[in-house]
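The values are calculated or read from the model by the stated rules, or taken from the named source; none is laboratory data. Here the structure is a predicted model, which means the values were calculated and not measured. Every residue, glycine among them, receives a Cβ derived from its backbone with ideal geometry; neighbour counts consider all protein chains shown.
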Amino acid sequence: MSNETTEKVQVLIIGSGPAGYTAAIYASRANLKPVLYQGIQPGGQLTITTEVENYPGYPDGIQGPEMMVHFEKQAARMGADIRYGLATKVDFSQQPYKVQIDEEKWIEANAVIISTGASAKWLGLESEQRLNGFGVSACAVCDGFFFRGKEVAIVGAGDTACEEAMYLSKLCTKVHMIVRRDQMRASKIMQDRVLNTPNIQVYWNSVTEEVLGDKKVEGVRILNTKDNTTTDVPVGGFFVAIGHQPNSDIFKGWLDMDETGYIKTIPGTSKTNIEGVFAAGDVQDKVYRQAVTAAGSGCMAALDAERYLAEKGLH
């Protein structure tokens, strides 16, 4: 590793959603001179949502991409060094920790904050991607409100899918739930709740063949895999609840993770199993996954990093 390609920084933040930008705001104010790399999707998952109505402080709501521009501008105004680039490899074997950017340049950092987020899993249909943000959503809690009084469809069979179906059932006239097998993966109690909710109709042994609609979602074509028949159901919204994938691959082998790949943090902190490496936002949170909780954990990570550096005499 030649010196020309290595840059030394105090705090390196990887990822740029609410967690990363909030960490950058706090770290900048603590004079830690953070460098933030935005990753593959600058602004994170909020850049593929439209209206955000549940973030405090925006009484009239705000567009997700615009909100992330606000976060970024605030971090930049505080002095954060915000850059394009993707972390492609890490070496956490010794201090300072090394992170490779875009497979070419290495950064050495005394503290690393990981806020690489998670990505919703999709079905992979052309119509689903085309109508994403126009009635197709991967977050019922975020977007269900816009479908009050309408019929919607949801795909999935786990606890999250059941929770989201229940949530939608309180807002929507009818919820069409598409389940691939003849049973659900969800816990018994969640299944019972769904099956006892009168306005949720479950389609067993069924898959989504296509999301219907030109400019916005107008229906869904459901294929019954048992008898090979299709049904077109008119709906205004289509929710995908087949899980999220944390963006944590490059940290495998270094950091403790659960079986799905979420980075484990010491409860009540942002600390990982390696001191000086912190995780915030959706890469370590499979429970809440909201912008406001991600921002809160970004704040925690910056404060944890500041304390760590002070204790080590590095700040």
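Among the residues of the range 204-222, which ones are surrounded by 14 or more Cβ atoms within 10 Å (Cβ to Cβ) and either polar (S, T, N, Q) or in a loop (DSSP other than H, G, I, E, B) (or both)?
TRP204, ASN205, SER206, THR208, GLY213, VAL217, GLU218
Report, by residue number, each residue of the range 99-122 that is crowded, with 16+ Cβ neighbours inside 10 Å and either free of Cβ contacts under 8 Å to residues at least 60 places away in the same chain or closer than 24 Å to GLN245 by Cα (or both).
VAL99, GLN100, ILE101, VAL112, ILE113, ILE114, SER115, THR116, GLY117, ALA118, SER119, ALA120, listed by residue number.
If I ask for residues that are of a type in the set (Asp, Glu), touching a Gly at 6+ places or on another chain (Cβ under 9 Å) and not assigned by TED's automatic domain parsing to the domain that holds CYS299, which ones from the range 98-154 would you list? Matches in the range 98-154: ASP143, GLU151.
Would you call PRO59 exposed (fewer than 15 other Cβ atoms within 10 Å of the Cβ) and assigned to a loop (DSSP other than H, G, I, E, B)? Answer is yes for this residue. When the residues of the range 123-148 are filtered to those that are crowded, with 17+ Cβ neighbours inside 10 Å and of a type in the set (D, E, K, R), which remaining residue is farthest from LYS286 (Cα to Cα)? Among them, the one singled out is GLU128.
All of GLN245, GLN201 fail the test of being in contact with a strand residue (DSSP E or B) (Cβ under 8 Å, 6 or more places away or on another chain), modelled with pLDDT under 95 and part of a strand (DSSP E or B), apart from GLN245.
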